[in-house]
Every structure is written in C-alpha cells, then in structure tokens.
Amino acid sequence: MSAEPSLLKLENVSFYYTKNNKILDNVNFNLLPGEQVGIIGNNGSGKSTIAKLLLGIHTPQKGTVNLFGKQVLWSKHYPLLGYIGDPSHNSEELGLPIGILVEEVIKTFKNLLNYSQHNNELCDELIEKLKLDKLYCRDVGKLSKGERRKLMAFLALGKEIKLLIADEATEGLDDEVEKLLLTVIKERVKKKKIGMLWISHRRNEIINLTNSVFCIKNGKLTYLENYPSPVDRLSEIKI
C-alpha cells in the first residue's frame, strides 16, 4: 500500500434523490497522486453524481467525501484542483462568469495567480494550442459548448494543479474540437504528472487517457481488471 495521501477519497458514500432509488450505494474510491483513473457507466448511472459530490455541489446522505485529505465543501477553494465539465451549482448557469470577454477572463486569471514569465509562457502555449486567441472578443455567456470547454481546459491546466477532474468533458463537441481538447489534456497531464479522474462513456477516451477503469452500475463502483483489453492498450485509438 502506498503511503502517499489521497488526492480524492469517497468512503462508504451513499447518495439518493429519493430513498427508493439509490444513485450511489456504499461506494468506496481512492485516487493517489499521479494516477489517471477512468469511470464509465450508462447515462443516469451516477457518473456525474460522483463529480458533483467531489465539487461539493451534492452532499452524501451517508459517508465522507474528501479532497486533498479534507472534507469537501462547496464554499472551499481548491487551488490544486482543475475541473472540466459543467460545475455550476444551479443547472441554468454555465459555471463560468458571463457578461465578460474571454480575453478579460484570461487576463484576470493570470493576474490573480501573479504569474512569472515562465508560467506566462506555459499559459500562452495553452492559449495557442486551444486557439483561444480567436475568442478574445467574445462574451463568455455567448460561447458554444465546445468553446466553453476549451476555456475551462485553459483555466484547469493553466495553473499548477495536482488533480484534474473531467466530467463528460467532450460531450457535444465536434470531432475537431474533441481531438484538440484531448490532445492538449493528455500532453499536459503527462508532462506535469497530474492525477486525473476522467468520467466518460466514451471508450476511446478511457483507453487513451487512463491507466485503470471503474464502472458505476446499480449504485456500485466496480474495478474493471481487464478493461480495456491488453490488445486495446497496445494499439491505442489515436486521438
């Protein structure tokens, strides 16, 4: 057993919207530094519920949810965490500021982190790869889903993080944007040795981005020892 502290941990977690329909039933899960883990499952199986528990949007009826060794709360700030998905507390919100230009979001991001020249260069590299400069004059509230995902990827990976959580990060994206986003994420995670929880129903993403896989079904989270197969691993579906 590794002595390293967990990046995230669910311990005996149960969650339900109604008592007769448990979304999660006594789930245990642990992710250590440097691990890239995938969670797969059908729509409505509870994949996104796990992400919302980790962000503090939902609170379990039973068990504990920790990030970086401390109990998760929506009001807490986690500078070492990056997230790509739809993290807003209210479903009608985007999880990003609106009424502000993309360029201003990026400038504010850099200023808040008081970036050195080296880190600015890393940010500029991300901006170039994600082609965010083409969105500078756009209101964040009027971005498409794919454009929002690219901006969220920048905000998640443009700082020094230890953990990336992605919840259906490529859902609804066209092939070109999906390929671009996955390539940038894979490069940055490998380069910085970032721990990652990748939640998706897309098999090619799981094969390319993760080292181990769990399946959520009927409220249970099960480790899939032979998924994907060794043949899949040797001949990865290219991003």
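So which residues in the stretch 54-67 are open to solvent by less than 10 Å² (accessible area, probe 1.4 Å) and under 13 Å from the mean Cα position of the chain (by Cα), if there are any at all?
The answer is Leu54, and nothing else.
Considering only residues that are modelled with pLDDT under 95, among the polar types (S, T, N, Q) and surrounded by 11 or more Cβ atoms within 10 Å (Cβ to Cβ), which ones fall in the stretch 1-13? It would help to see each step written out before you state the result.
Of the residues in the stretch 1-13, the ones modelled with pLDDT under 95 are 1-6.
In the following step, the residues that additionally are among the polar types (S, T, N, Q) were identified as 2, 6.
Within the stretch 1-13, Ser6 is the sole residue that qualifies.
Looking only at the stretch 1-38, count how many residues are among the acidic types (Asp, Glu), in a strand (DSSP E or B) and either under 16 Å from the mean Cα position of the chain (by Cα) or closer than 26 Å to Pro79 by Cα (or both). I'd like the intermediate steps shown before the answer.
Taking the stretch 1-38 first, the residues among the acidic types (Asp, Glu) are 4, 11, 25, 35.
Subset that is in a strand (DSSP E or B): 11, 25.
Imposing the further condition that a residue be either under 16 Å from the mean Cα position of the chain (by Cα) or closer than 26 Å to Pro79 by Cα (or both) reduces the set to 11.
Count: 1.
When you go through Tyr16, Tyr83 one by one, which is the residue that is among the aromatic types (Phe, Trp, Tyr) and open to solvent by 40 Å² or more (accessible area, probe 1.4 Å)?
On the way: Tyr83 fails: open to solvent by 40 Å² or more (accessible area, probe 1.4 Å).
Unique residue meeting the criteria: Tyr16.
Per-residue answers, yes or no, for (1) within 26 Å of Asp25 (Cα to Cα); (2) within 14 Å of the chain's Cα centre (by Cα); (3) open to solvent by 50 Å² or more (accessible area, probe 1.4 Å):
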| site | (1), (2), (3) |
| --- | --- |
| Leu164 | yes, yes, no |
| Ile185 | no, yes, no |
| Val189 | no, yes, no |
| Lys192 | no, no, yes |
| Trp198 | yes, yes, no |
| His201 | yes, yes, yes |
| Phe214 | yes, no, no |
| Lys217 | yes, no, yes |
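The values are calculated or read from the model by the stated rules, or taken from the named source; none is laboratory data. Please read these numbers as outputs of a predicted model, since none were measured by experiment. Virtual Cβ from ideal backbone geometry, glycine too; neighbours counted across all protein chains shown. Just so you know, the surface numbers come from the protein's heavy atoms only, side chains and all, with ligands and any DNA or RNA stripped out. Shrake-Rupley method; radii C 1.70, N 1.55, O 1.52, S 1.80 Å.
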